[in-house]
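Step one of this worksheet: look at the structure below.
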Amino acid sequence: MILDVQYKMPNKTIDAVIIMGNNLTTRYRVDPVDISPFEYGAGNDADSIIFANTVKIKFSLTNEIVPTTKKFFEIISLAMVSETSVYLYENGNPIFFKGNVDKKDFDFDFDRKTVSISLSNPLLELKNINPRLLNPNEIAEPYPYIGNLKCATFEKVITKTIKLVWAEFGNTFIYSDIKADTDYPFLGQSWQAPAQYFGDVANRFWGSDSKFTNCLDLIKAIGNTLGCVGLLIGKNYYLMPRYFNINRPVIPLENISKIQLKQGVKTIKGLKVNVKLAGGTYVANYGNVANSDYIEEIDMMHAGGNIPGTNQAYYLPVLIPGFVAGIGNEQWVPVSNKFYTQLVPYPRALWSMIGESIWRGIENRYIYNVEMFGINYSYGNYYKLPDNPTIFKARKIKYDYKNQKTTMELTNVIDYVEPYSPSIIMPGTGWETSEEIIGETID
């Protein structure tokens, strides 16, 4: 059974298509009652994937559709027992893909013939898929690499992984300004590869060598490796930098109805970065990580350079595409210690550049709650408040389509990172074994 409900708002129409069970020939138009605002993000930056939080919709089943009590409860039972999915469209374009009905947050009013359902994001289903049981050949590119190893790009892995739970998923876009100096000659100089050409050996993503036991952690780690959070909007997935990217717009905020410095924000005193490598996990600690309640912890899946205290350089496979190498000559090349951004223009190991950039953004942050008229605001942009030179990015954003308002939780971002020079070296960072961690801490 399919139910269609349309919510008309100022300058916008949102259509909900509710699919219950396997009988897709029976279809009804039902009356709208209410729809909640769309909220993205969380107050925890370490949660590296951002998607629409629970969205609630309410609709009415008229007497024409459910003329009897029995028919009403038949529809309620079908929604509760069968696999029920909801697709939401804004002016015909998908804005919330296949949302699964949360069976624990389902309500109805028999007297008013209304039904209230909450939609949970199916991306969470990736927690139930073990990447070690997947076939790496399904993500591997056919281009040569050292030792005939098969590699896959980060971009392709994310797309193929999400499609495991959502076949209609679109594309992955990486909005990072990280580049790799490949030493591959192109137009008289070394080609500087953007992040969409970064990858790794395929069976470190899918297959027995994967360091992860669920696919949600896998795609989080890919984003962390690039210093990004993943943003799922509509049918596409966007990787957005946690640090300042000068290629993205900085927009002065106007039409502000409320602004307030957020009080009681938990102070983050340290950052723990777990670099998942073939020989084990290298743990890089920034700041004070003594109390786990006051740290952020992220996993990265590659070092892209030297690890302190070792003589081994870890090489990240980077794809040389056909427009550089020539069609038919595509290939992977190893890159180590030659990654940079416009914020950090001096080449260095990928893990340390990202760790340092994230930590400098965490250690002195403050947060504003801002409410504006209108809904033309995006996670992909940076913002400035009136009479304030600081650059901010949204870490939470809520669109109230019904009242045409947007609320953002803005946190300051850094626009400069000092050259890498640890000022304090002490036990705490290093190779993780079953019993201890030995190494150094960066402050």
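The values are calculated or read from the model by the stated rules, or taken from the named source; none is laboratory data. Model, not experiment: these values are computed from the prediction. Here the Cβ positions follow ideal geometry from the backbone for every residue, glycine too, while neighbour counts run over all protein chains shown.
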Which pairs do you get when a residue that is of a type in the set (F, W, Y), found in region 101-126, comes within reach of a residue that is crowded, with 19+ Cβ neighbours inside 10 Å and modelled with pLDDT of 80 or more, reach meaning Cβ atoms under 6 angstrom, with the pair 6+ apart or on two chains?
-> F106/I117; F108/V115
Assuming H302 fulfils every condition listed in (1) at pLDDT 85 or above; (2) more than 21 Å from F205 (Cα to Cα); (3) part of a loop (DSSP other than H, G, I, E, B) apart from one, which condition is it?
-> (2)
Select from region 114-133 the residues that are surrounded by 21 or more Cβ atoms within 10 Å (Cβ to Cβ), closer than 16 Å to V165 by Cα and either of a type in the set (A, V, I, L, M, F, W, C) or in contact with an Asp or Glu (Cβ under 6 Å, 6 or more places away or on another chain) (or both) and list them in ascending order.
-> L119, L123, L126
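Look at Y237 and say whether it is buried (at least 23 other Cβ atoms within 10 Å of the Cβ), in contact with a strand residue (DSSP E or B) (Cβ under 9 Å, 6 or more places away or on another chain), in the same structural domain as R360 (by TED's automatic domain parsing) and not aliphatic (A, V, I, L, M). Break it down into steps so the answer makes sense when it comes.
Values: buried (at least 23 other Cβ atoms within 10 Å of the Cβ): yes; in contact with a strand residue (DSSP E or B) (Cβ under 9 Å, 6 or more places away or on another chain): yes; in the same structural domain as R360 (by TED's automatic domain parsing): yes; not aliphatic (A, V, I, L, M): yes.
Yes; evaluated as a whole, the condition is true for this residue.
So, N311, is that one at pLDDT below 95, over 21 Å from C228 (Cα atoms) and either assigned to a strand (DSSP E or B) or not hydrophobic (A, V, I, L, M, F, W, C) (or both) or not?
On the way: at pLDDT below 95: yes; over 21 Å from C228 (Cα atoms): yes; either assigned to a strand (DSSP E or B) or not hydrophobic (A, V, I, L, M, F, W, C) (or both): yes.
Here the answer is yes, as N311 does meet what is asked.
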Hey, among V283, V265, which residue is in the same structural domain as E168 (by TED's automatic domain parsing), modelled with pLDDT under 85 and surrounded by fewer than 23 Cβ atoms within 10 Å (Cβ to Cβ)?
-> V265
Which pairs have Cβ atoms under 6 Å, sit 6 or more apart or on different chains, and link a residue in region 64-80 that is of a type outside the set (K, R) to one that is in a loop (DSSP other than H, G, I, E, B)?
-> F72/V66; L78/G21
So which strands (runs of 3 or more DSSP E) are wholly in region 1-56 and hold at least 3 residues that are surrounded by 14 or more Cβ atoms within 10 Å (Cβ to Cβ) and either at pLDDT 85 or above or of a type in the set (A, V, I, L, M) (or both)?
-> 2-9, 12-20, 27-35
Of residues in region 186-210 being under 20 Å from the mean Cα position of the chain (by Cα) and in a strand (DSSP E or B), the one surrounded by the fewest Cβ atoms within 10 Å (Cβ to Cβ) | P194
In region 387-396, what residues are surrounded by 21 or more Cβ atoms within 10 Å (Cβ to Cβ) and either part of a loop (DSSP other than H, G, I, E, B) or of a type outside the set (F, W, Y) (or both)?
-> K393, A394, R395
